[in-house]
Amino acid sequence: MERENILQARDLCYAYDGDHRALNGVSMDIAAGERIAVMGSNGAGKSTFFLHLNGVLRPDSGAVLCRGSEVTDRDVHALRRQVGIVFQNADDQIIASTVGQEVAFGPMNLKLPREEVLARTEEALACLNLSAYRDRPPHYLSGGEKKRVSIADIIAMHPEIIIFDEPTASLDPRNAALLEEVLDRLALQGKTILLSTHDVDFAYRWAERVVVFHEGRIIADGGTLPVFQDREVLFRAGLRRPMLLELYESLRQRGIAGGGDYPRSVEALLDSCGG
């Protein structure tokens with residue numbers, strides 16, 4: 001069954017201060033329920049693209065469409081209800097004096113009933129294992145804890161699409177594993193997820209689609225395996241091949257691994273080796 005395109009970028013162009021071209025004709029369709037990893041070197045245009053999808057930036061030319069209708073200036077507020085963004089630096093997003101107030105801020109701005117605000121706040125805190133932090137000042141939390149608060153902020157808004165800008169940056173292994181669990185739960189709920197990351201191993205096992213940016217353009221957009229098998233694209237974007245992919249192909253050449261589907265997890269790799 002073909003998925004519905006819920007968000008589209010059409011030939012987006014954008015320059016900071018009218019000089020530096022951050023986006024050079026970017027077009028992309030985003031379908032309901034997709035798990036998309038957006039990759040590329042620093043300055044490739046990933047964050048600028050995300051800010052257009054959320055309406056924070058408006059293109060110099062081109063358009064963003066939501067369910068087939070072009071987003072105009074008067075539609076931006078409605079767009080932000082549908083598209084939540086978790087910024088790379090959590091301090092840029094946190095404004096309230098306690099964790100509970102911070103997570104409740106978005107639902108309150110939606111003018112929801114008090115009971116609904118409380119329910120959404122508790123749900124988001126529990127999802128990120130933050131219930132015990134409810135009354136703590138967020139600015140005294142660790143970097144990983146702040147990141148979890150910023151994610152809870154967006155989850156409480158119940159957006160259809162959630163964008164994560166470098167979500168694993170500055171996270172220790174435990175918090176990174178928790179984040180991956182949260183992403184999996186959100187995907188099971190039918191959320192559409194886009195995230196930028198430099199972690200090719202994480203992108204390889206998690207994403208179903210990979211989009212690669214280079215100098216403000218999309219140079220690859222496709223299934224995770226085909227994109228990571230394209231050495232020319234990886235070279236241009238300054239990306240390495242995922243370790244699991246390299247290991248599997250090496251084992252297969254030696255006749256140790258079978259010739260079935262490419263494994264996307266360590267467990268699947270062991271199965272392919274008869275382990």
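List of remarks:
- Derived scalar couplings ³J(HN,Hα) [the range 171-186; Karplus, 6.51 cos²θ - 1.76 cosθ + 1.60; whole Hz; x for Gly, Pro]: 8, 6, x, 5, 5, 5, 5, 4, 4, 5, 4, 5, 4, 5, 5, 5
- Relative contact order of the range 80-205, pairs being alpha-carbon contacts under 8 Å that are 6 or more residues apart, as %: 33 percent
- Max mean-square fluctuation residue, GNM over the chain, Cα-Cα springs under 10 Å, options GLN93, GLN189, GLN253: GLN253
- Carbon and sulfur %, accessible surface of the range 1-102 computed with the full protein complex present, 1.4 Å: 44 percent
- A cut-off under 13 angstrom between Cβ atoms defines the neighbours of ALA257, and their net charge, with Lys, Arg +1 and Asp, Glu -1, is -2.
- Percent accessible area from carbon and sulfur atoms, the range 147-263, protein chains only, probe 1.4 Å: 50 percent
- Global geometry of the range 1-84, whether rounded, prolate or oblate, following the gyration tensor of its Cα atoms and the 1.5 cut on a/c: oblate
- Rounded if a/c under 1.5, otherwise prolate or oblate - the chain, Cα gyration tensor axes: oblate
- The residues neighbouring ALA90, those whose beta-carbon lies less than 15 Å from its own, together hold a net charge of -4 under the Lys/Arg +1, Asp/Glu -1 convention.
- Surface accessible to a 1.4 Å probe, CYS127 within the full protein complex, Å²: 20 Å²
- Residues whose amide H comes within less than 5 Å of that of LEU7, counting only those at least five positions distant or on another chain, are ILE30, ARG67 (H built at 1.01 Å from N in the peptide plane).
- Pair-distance distribution of the range 21-159: all C-alpha pairs, bin width 5 Å, starting at 0; shares per bin in whole percent are 2, 9, 17, 19, 17, 15, 11, 7, 2, 0.
- Largest to smallest in accessible area, the residues LYS111, LYS191 fall in the order LYS111, LYS191 (1.4 Å probe, all protein chains included).
- Per residue, the average separation of C-alpha pairs within less than 8 Å and at least 6 apart gives the chain a relative contact order of 22 percent.
- Bridging of LYS146 to aspartates and glutamates at a Cα separation below 13 Å is possible for ASP91, ASP92, GLU102, ASP172, once same-chain residues fewer than 8 apart are set aside.
- With a 1.4 Å probe rolled over the protein heavy atoms of all chains, the accessible area of GLU102, GLU122, GLU4 falls in the order GLU4, GLU122, GLU102, largest first.
- Computed from point charges on the beta carbon alone (+1 for Lys and Arg, -1 for Asp and Glu), the dipole magnitude for the chain about its Cα centre is near 80 Debye.
- The candidates ARG209, ARG254, ARG80, arranged from most to least accessible area with a 1.4 Å probe in the full protein assembly, appear as ARG254, ARG80, ARG209.
- Counting only Cβ charges, +1 for Lys and Arg and -1 for Asp and Glu, the dipole size of the range 120-275 around its Cα centre is about 160 debye.
- The residues of the chain expose on average 49 square angstrom of accessible surface per residue, using a 1.4 Å probe on protein heavy atoms.
- Within the shell of other residues whose beta carbon sits under 9 angstrom from the beta carbon of ASN5, the net charge comes to 0, with Lys and Arg scored +1 and Asp and Glu -1.
- Three-way shape label, the range 167-275, alpha-carbon gyration tensor, a/c 1.5: oblate
The values are calculated or read from the model by the stated rules, or taken from the named source; none is laboratory data. Not measured: the values here are computed from a predicted model. Note: ideal-geometry Cβ built from the backbone for every residue, glycine included; neighbour counts use all protein chains shown. Accessible surface areas use protein heavy atoms only, side chains included; no ligands, DNA or RNA. Shrake-Rupley method; radii C 1.70, N 1.55, O 1.52, S 1.80 Å.
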